[in-house]
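Reading through the C-alpha cells given below for one structure.
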Amino acid sequence: MSAIHIVRDYPHPPEKVWRAVTDPELIPRWTATGAGARPEGFAPTVGTRFKFIAKPKPGWSGVVLCEVLEVREPSLLRYSWQDESGGEVTEVAYRLEPHDSKTRFTYDHTGFTGAGGFFMAKILGAVRTKMLTKGLPAVLNDLDDEAPHTLKPSEPQAALAGPTREPVEHRELADITVRRRARRGGGT
C-alpha cells in the first residue's frame, strides 16, 4: 500500500492554519500552486459530502468526491477521497499541533493500492508538496489575523489574480498560448 506523508512547520498559531485549510474561500488560494482545486459544498462538519473540482486532464474529469469523517478543531480534519469515476476510496488527514511556538502540519493521504495507487501517490505527493511548501505559507503570511476571511490589504496578492484565483504566471502563460494558437488559426 502506498501513502503520502508530508510534515511542515508554519510560524503561525494552529487556529490560523486551521482557518486557511478549512475555509472554502481560502482553500483555492493555496491549492492554486498545485492542481487548483476548489471545494464545492465543503464544511468542516462530520458527514458533509463535498467535491474538489480542478481543471480536467486527459483521463481525469477533475472532480473528486469526498466526505468529512472526523473533525477536532483546530487539530484534525479527516475526509474520504474518491475519483468521480469510481475506484478506490482513500483517506486524507490534516493534523495540526503546536510545536516550538509554531504549528506542525502533517498531511497524510492513505489507502493507495496496487501499481495504479503507487503512481497516483507519486503524482499527488509532488502536487501536495508544492501546495504545502509554497501555496499555504503564502496564504498564511497574507492572512489578516483580525478578520476571519480577509487578506492583509497592505500586501498585494502577486500570486493571485482575478475571481478565478489562478496564479498570475499560469494565467499569463495560458493567455500567451491562446494568442499563439489564434495567430496560427487554431482557436482556443
- [ ] Looking only at the stretch 104-146, count how many residues are in a helix (DSSP H, G or I) and in contact with a helix residue (DSSP H, G or I) (Cβ under 6 Å, 6 or more places away or on another chain).
- [x] 5
TODO: State whether the residues of the stretch 1-23 include one that is of a type outside the set (S, T, Y), more than 15 Å from I123 (Cβ to Cβ) and free of Cβ contacts under 8 Å to residues at least 40 places away in the same chain.
DONE: no
Task: A54, sole failed condition from (1) hydrophobic (A, V, I, L, M, F, W, C); (2) buried (at least 18 other Cβ atoms within 10 Å of the Cβ); (3) in contact with a strand residue (DSSP E or B) (Cβ under 7 Å, 6 or more places away or on another chain); (4) under 27 Å from T113 (Cα atoms) - done: (3)
Open item on the list: Criterion first (crowded, with 18+ Cβ neighbours inside 10 Å, farther than 21 Å from P137 by Cβ and more than 16 Å from the chain's Cα centre (by Cα)) does V64 satisfy it?
Closed with: no
TODO: Filter the stretch 24-51 down to the residues that are in contact with a Phe, Trp or Tyr (Cβ under 9 Å, 6 or more places away or on another chain) and more than 21 Å from L124 (Cα to Cα), then identify the one that is surrounded by the most Cβ atoms within 10 Å (Cβ to Cβ).
DONE: P44
- [ ] Answer yes or no as to whether L96 is within 18 Å of the chain's Cα centre (by Cα), of a type outside the set (S, T, N, Q), in a helix (DSSP H, G or I) and at pLDDT 95 or above.
- [x] no
Open item on the list: I'd like to know if the stretch 10-17 contains one or more residues that are of a type outside the set (S, T, Y), at pLDDT 95 or above and over 15 Å from S75 (Cβ atoms).
Closed with: yes
Task: Leading residue by the ranking (surrounded by the most Cβ atoms within 10 Å (Cβ to Cβ)) among those in the stretch 99-118 that are within 19 Å of the chain's Cα centre (by Cα) and of a type in the set (F, W, Y) - done: F105
Open item on the list: So R128 ticks every box in (1) closer than 24 Å to V71 by Cα; (2) without any contact (Cβ under 8 Å) to a residue 60 or more places away in the chain but one. Which box is left unticked?
Closed with: (2)
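The values are calculated or read from the model by the stated rules, or taken from the named source; none is laboratory data. Keep in mind that this is a model prediction, so the values were computed, not measured. Cβ atoms come from the backbone with ideal geometry, glycine included; neighbour counts cover every protein chain shown.
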